[in-house]
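The values are calculated or read from the model by the stated rules, or taken from the named source; none is laboratory data. Since the structure is predicted, the reported quantities are computational estimates derived from the model, not experimental observations. Because the Cβ atoms are built from the backbone with ideal geometry, glycine has one as well, and the counts that use them run over all protein chains shown.
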């Protein structure tokens, strides 16, 4: 079994972001599910990325009247129908509230300082962990004898810790600073 973890670091507007790409090569598993040397990528879905962009947009305009999904869609270049579904989820989970009527739209339910990025992503993606056995040991027969589990726990913990440090307010400030 060969296990290799690669870290790719990028900088975006003086803010450090960590993009993880890793792959595990194990002939028995790969031959069943993957081609040899295929890379398993860890990435967030468009649902999370679009959801965060929509919330940052709402946070940036939090002093205004409710904002329509159409306006968010056009401003952030997010497909309207997809954004409507995302906003419904965010509304059901209490991140935004919907105002109905001719002047209706969405508003943040709380101040941007209180909305953690980790919470948003976990609502849209589910609990973040690299492998299923981290949260549910019953999903893996080798749970008790897995020598790689500590690695997956550490990486998953680091991702969660990093995302929990940031709130929507951090990204509103960053966006405003980049415009000045």
Q | the range 57-74, residues that are out of contact with any helix residue (DSSP H, G or I) (no Cβ under 6 Å at 6 or more places or on another chain), over 20 Å from residue 170 (Cβ atoms) and assigned to a helix (DSSP H, G or I) | A | 70, 71, 74
Q. Here is a list of conditions, (1) in a helix (DSSP H, G or I); (2) more than 17 Å from the chain's Cα centre (by Cα); (3) under 16 Å from residue 50 (Cβ atoms); (4) touching a residue at least 40 places away in the same chain (Cβ under 8 Å), and residue 81 meets all of them except one; can you say which number that is?
A. (4)
Q) For residue 130, which of the numbered conditions (1) under 19 Å from the mean Cα position of the chain (by Cα); (2) in contact (Cβ under 8 Å) with a residue 40 or more places away in the chain; (3) assigned to a helix (DSSP H, G or I) fails to hold? A) (3)
Q: Assess whether residue 48 counts as being surrounded by 14 or more Cβ atoms within 10 Å (Cβ to Cβ), modelled with pLDDT under 95 and in contact with a helix residue (DSSP H, G or I) (Cβ under 7 Å, 6 or more places away or on another chain).
A: yes
